[in-house]
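Handing you this structure, nothing more for now.
The values are calculated or read from the model by the stated rules, or taken from the named source; none is laboratory data. None of these values were measured; they are calculated from a predicted model. Note that each Cβ is placed from the backbone with ideal geometry, even for glycine, and that neighbours are counted across all protein chains shown.
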Amino acid sequence: MADIKIKIDRDIAAKYAVSFGSNVLMKLLLILITAGLVFSIISPIFSLVIRGFMQRQDLTNPLVYMIPINFTLENYRTAFEHMRYLDTLWLTMRHALAVTLIQTVVCALTGYGFARFNFPGRNILFGVVIMTIVVPIEAITTSLFMQFRFFDVFGIISLFTGERGINFLNTVTPLYILALTGMGVRSGLFIFIFRQFFRNMPKEFEESAFIDGAGKIRTFLSIIIPNALPAIITVFLFTLVWQYNDTTYSAILLPTVNMMPTMLGTLGNTVYTATATQDLTWVNLVVQTGAVLVIAPMIIIYLFLQKLFSEGVERSGITG
């Protein structure tokens, strides 16, 4: 009996040893994969930030790989001044936040309508929404340009004024019109997110509100919106980032408005002309430094809101 017991104890110990070894190996593998992913994401950003502190001689020094030998703030100061950073940041954030609020509200209402109301042509209209996700913006560039170059609503403006329409180019008005009509940056995706979220929400919430005498508007504001905060936070942050970083709509509709993407796109020519330098390598470095200044506000916002953003993504069911 003693020999049998010893043999059983050895078998159990061997199983535990194998299990322990497998767990340790799995943890080491996960650590290595995580470290590799973190390095692949952080390394380009770190390199971009640290290169902004290099002096011109460091750019041609073969001994300098990533860390500069001679630190300087000249590159950041040059990019800051030629981008008129504070004024540009205020203008961009002001309009980005306003458009984001409008677009989030419109997409929430549209998604709720698709999820909860039955009306003729609902599936066809939702198919059109999906098409706005699939069709690239480059395919409708000309139509979008002409729409706001000669903006008219059912010919009413031309009927009363005799003009072909109102020219809204080089103003921020097109951004607000697109947001109000559910055609802003990635609006189709956000409508889809809200529709899926509202479809998965129990109908008992609304039914109980209807029994208590609440109408559809009050039910939406008092019951649906508080329970949809995860989706709202997710869409709000996504919209803000994409609106802030948008280059396509800015190039088509706001080519002369001093938004962040526009100022960054012209920074190289501005520095080259203002400094009369022939060092194109340094000019390119200043542009890269300007890119750091552009992305810095979004990184700061994410650092403060990362918990809400992570919870919103998790609870709204966004994957991929």
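Exactly one of (1) free of Cβ contacts under 8 Å to residues at least 60 places away in the same chain; (2) out of contact with any helix residue (DSSP H, G or I) (no Cβ under 8 Å at 6 or more places or on another chain) is unmet by LEU91. Its number?
Of (1) free of Cβ contacts under 8 Å to residues at least 60 places away in the same chain; (2) out of contact with any helix residue (DSSP H, G or I) (no Cβ under 8 Å at 6 or more places or on another chain), only one is false for LEU91: (1).
Please specify each residue of the stretch 32-81 satisfying the condition of being basic (Lys, Arg) and free of Cβ contacts under 8 Å to residues at least 24 places away in the same chain. Break it down into steps so the answer makes sense when it comes.
The initial filter retains those residues of the stretch 32-81 that are basic (Lys, Arg), namely 51, 56, 77.
The answer is ARG77, and nothing else.
Can you pull out the helices (runs of 4 or more DSSP H) entirely within the stretch 20-139 that have at least 1 residues that are surrounded by 17 or more Cβ atoms within 10 Å (Cβ to Cβ) and at pLDDT below 85? It would help to see each step written out before you state the result.
Working: elements: 56-59, 74-82, 85-116, 122-134.
Passing ranges, in order: 56-59.
Within the stretch 146-160, count every residue that is surrounded by 14 or more Cβ atoms within 10 Å (Cβ to Cβ) and in a helix (DSSP H, G or I).
Going through the stretch 146-160, the residues surrounded by 14 or more Cβ atoms within 10 Å (Cβ to Cβ) turn out to be 147-152, 157-158.
Filter again for in a helix (DSSP H, G or I), leaving 147-149, 157-158.
Selection size over the stretch 146-160: 5.
Quick test for you: out of ASN269, ASN258, pick the one residue that is in contact (Cβ under 8 Å) with a residue 12 or more places away in the chain, surrounded by fewer than 20 Cβ atoms within 10 Å (Cβ to Cβ) and of a type in the set (S, T, N, Q).
Working: ASN269 fails: in contact (Cβ under 8 Å) with a residue 12 or more places away in the chain.
Selected residue: ASN258, the only one of ASN269, ASN258 that is in contact (Cβ under 8 Å) with a residue 12 or more places away in the chain, surrounded by fewer than 20 Cβ atoms within 10 Å (Cβ to Cβ) and of a type in the set (S, T, N, Q).
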